[in-house]
Amino acid sequence: MITIHLVPHGAEQPMSLSCKPGQSLMQAAVAANVHGIEAECGGLLTCATCHVYVREPFASSLPPAGSDELGMLEFTASPRRPNSRLSCQIDLSAAVDGLTVDLPPTQT
Ligand code: FES
């Protein structure tokens, strides 16, 4: 199991989840009923409602966004930042144990 941390917009404390590797960050968040990840398309890269802001050191160490993800990041409801990613494209593995992301103010 690995641990990930999601910080709701305006909150000080993260929600911490223990997750099995092999799923996406979006899938783990949806399974845990995390408020703030809509994931309307279910991970098909057509909605941008799974937007998160990835904190360092993971923002720099994650595999870079592909062209499809970069395209969808143009359509986030909240402002896009340099550390914006779509959580359906972040694979959970031991390499991201301790991953911390901030949730945007809105997804729609
Ligand atoms: Fe729709 Fe990620 S869940 S783009």
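One table, with the values for the structure above:
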quantity: Karplus (6.51, -1.76, 1.60) ³J(HN,Hα), θ = phi - 60°, over region 97-106, in Hz, Gly and Pro reported as x; calculated: 4, x, 3, 10, 10, 9, 8, x, x, 8
quantity: Sequence-distant residues sharing a close amide H with Val7 (under 5 Å, placed H); calculated: Met15, Val101, Asp102, Leu103
quantity: Net charge over other residues, Cβ less than 15 angstrom from the Cβ of Ile37 (K, R count +1; D, E count -1); calculated: -2
quantity: Of Gln13, Gln89, Gln27, the one that fluctuates the most in a GNM where the chain has Cα springs shorter than 10 Å; calculated: Gln13
quantity: J(HN,Hα) series, region 6-22, from Karplus relation 6.51 cos²θ - 1.76 cosθ + 1.60, nearest Hz, glycine and proline x; calculated: 10, 9, x, 4, x, 8, 8, 9, x, 8, 10, 10, 9, 10, 7, x, x
quantity: In Hz, Karplus ³J(HN,Hα) per residue of region 78-95 (6.51, -1.76, 1.60; θ = phi - 60°; x = Gly, Pro); calculated: 9, x, 7, 10, x, 9, 6, 9, 9, 5, 6, 9, 9, 7, 8, 8, 4, 5
quantity: Ranked Val7, Val54, criterion: other C-beta atoms within 10 Å, fewest first; calculated: Val7, Val54
quantity: Antiparallel bridges, percent of DSSP beta bridges restricted to the chain (to nearest 5); calculated: 80
quantity: Order of Cys50, Cys19 - criterion: other Cβ atoms within 10 Å of each residue's Cβ, fewest first; calculated: Cys19, Cys50
quantity: Cleavage-rule hits, GluC sites (Glu not before Pro), region 5-108, DSSP coil, Cβ neighbours within 10 Å at most 15; calculated: Glu12, Glu40
quantity: Rough spin-label spacing in nm, given labels placed 7 Å along Cα→Cβ, for Gln13 and Arg80; calculated: 3.5
quantity: Where only alpha carbons of the chain are counted, the Rg and the Dmax (Å); calculated: 12.3, 33
quantity: Order of Met15, Met72, Met1 - criterion: other Cβ atoms within 10 Å of each residue's Cβ, fewest first; calculated: Met1, Met15, Met72
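Each reported figure results from applying straightforward, stated rules to the coordinates on display, with no laboratory input. For clarity, every value in this text was computed on a predicted model and none was experimentally measured. As a convention, Cβ positions derive from the backbone with ideal geometry for all residues, glycine included, and neighbour counts pool all protein chains shown.
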